[in-house]
2 protein chains.
Amino acid sequence: MADTEAPTRAAPLTPDRMESLALALIEEEGIEGFSIRKLADRLGCKAMSLYHHYPSKAHLMDAMLDRVLADLPLPPPDLPWRERLARAARAFHRIALAHPRFFPFFSTHRMNTRAGLIWLDGMLGLFRDAGFDEEQAARLFRAFGYFLMGAGLDETAGYSKGPSATAADAVLDAEVARVFPNVAAAGPFFRPGEREATFELGLALLLDGAEQILEARP
Amino acid sequence: MADTEAPTRAAPLTPDRMESLALALIEEEGIEGFSIRKLADRLGCKAMSLYHHYPSKAHLMDAMLDRVLADLPLPPPDLPWRERLARAARAFHRIALAHPRFFPFFSTHRMNTRAGLIWLDGMLGLFRDAGFDEEQAARLFRAFGYFLMGAGLDETAGYSKGPSATAADAVLDAEVARVFPNVAAAGPFFRPGEREATFELGLALLLDGAEQILEARP
DNA sequence: CCTACTGAACTTACGCCGTAAGGTTGTCAA
DNA sequence: TTGACAACCTTACGGCGTAAGTTCAGTAGG
């Protein structure tokens, strides 16, 4: 009676709240530590309440995909194509760094939602604008995508992570320098701080290669 | 008494049998459909028997990593470096095609077993033999690896797979050609039969790029 | 005011999962 | 014969996704 509006018991289960908390939870617990039950706890509701809003866990994951995709802008079309492509690549890479534990899921799922298709179409258009034909645009986009996927995954789920289940073998670690000299020599350049330089080298390789294709067929 | 040898009740739980059946099961059920219980059924034993041979499921997975890694040969050192590198890349790519459902796990785990280190050291040596310095070898290996990871993953877990949880939206599908012309034009080159050509284009881009680095500093 | 309906949230239950803890069996060396 | 040991089995626990059914506040129509 006193309240003219509903008291909204604690906090309503809005898509924004559910998906943001889910993303945060994944970054805390990892993608396999993430569960509907834990998310519900975090939200202050019971597990099954979430099924009122999403038909399944997979649908919730898809909604998170779209939310993260929203942070992936297309670079302004008035820049030179090489700069546009470099910016798009770095934007994608930034997604990996911003959501390291969600990224492996993100990068290996089709972007067949509307937001995903907008980005995909824009990226293909970028290659077309640069002067590549339809086939070249398709294949180059893919090749760039492979590199971006791998780079992001490596930094979030690959060598950069701790040892695999077979716990760090001290004997093996000490042996590396002796038996695997090339691995030992490469070690300093595999450190996290070196990632950006490696990423930029690979990106430059691909950009140079694309530029050569363009020059070969004027 | 009649038997001089042990009857071996049904079939012994050898590493080879366990790991081969595990890999086969993963290809049938996918990596998340794979469970210790199902593997035990397949092997004709009980779930917990497997824990006599591996301390945990993760250790079994690691053993499978090493088994698959055994199919990843280093190319003969007497070939030109570009050919060696191309062969190594194709060998890695073949792993993805041979174990499509295991590959996402394979490619995102550190190869810190002995077999993995041998391959890693050999690959880095390949770049060194080509004339790259330690830093270049490390970064180029990594950049190539990014591409190979992404290519394999895309073909085993990405766009090539069916729609994500949000089931194929017929309206959206029909709309694509109209609203996303670049996506529609690229469609034919995204088909499975086109993968190899796309892979080879990306590989050539990277090889060309590496070659240029080498020529710039003779 | 009553009623019927609706949507949000909750409850219970099922069959999976990995695995901790402990028990049983068969083989072989001493 | 005995005892150690490896190989394998049994039981049980807590967690998972989710199917099915229930509770309850708010509201529109009579």
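With the requirement that a residue be polar (S, T, N, Q) and either open to solvent by less than 30 Å² (accessible area, probe 1.4 Å) or within 12 Å of DNA strand C (Cβ to nearest atom) (or both), what does the stretch A:37-70 give you?
Within the stretch A:37-70, A:Ser49 is the sole residue that qualifies.
Looking at B:Ala170, is it assigned by TED's automatic domain parsing to the domain that holds B:Ile95, at pLDDT below 90, more than 20 Å from the chain's Cα centre (by Cα) and open to solvent by 20 Å² or more (accessible area, probe 1.4 Å)?
Yes: the conditions hold for B:Ala170.
Filter the stretch A:196-206 down to residues that are more than 9 Å from chain B (Cβ to nearest Cβ) and surrounded by 16 or more Cβ atoms within 10 Å (Cβ to Cβ), then give me how many there are.
Qualifying residue count for the region: 1.
Please go through the stretch A:77-114 and pick out each residue that is touching a helix residue (DSSP H, G or I) at 6+ places or on another chain (Cβ under 8 Å), basic (Lys, Arg) and farther than 16 Å from A:Phe141 by Cα.
A:Arg101, A:Arg114
Cβ contacts < 7 Å: first residue within 18 Å of B:Ile26 (Cα to Cα), restricted to the stretch B:41-58; second residue within 8 Å of DNA strand C (Cβ to nearest atom) and open to solvent by 30 Å² or more (accessible area, probe 1.4 Å), any location; separation 6+ or different chain. Result?
B:Ala47/B:Arg37
Determine whether A:Leu85 is at pLDDT 95 or above, of a type in the set (A, V, I, L, M) and open to solvent by 70 Å² or more (accessible area, probe 1.4 Å).
no
Is there a residue being crowded, with 18+ Cβ neighbours inside 10 Å and modelled with pLDDT under 95 anywhere in the stretch A:7-19?
yes
The values are calculated or read from the model by the stated rules, or taken from the named source; none is laboratory data. All values reported here derive from a predicted model rather than from experimental measurement. Here the Cβ is made from the backbone with ideal geometry for all residues, glycine too, and neighbour counts use every protein chain on show. Keep in mind that these areas ignore ligands, DNA and RNA; they rest on the heavy atoms of the full protein, side chains included. Shrake-Rupley method; radii C 1.70, N 1.55, O 1.52, S 1.80 Å.
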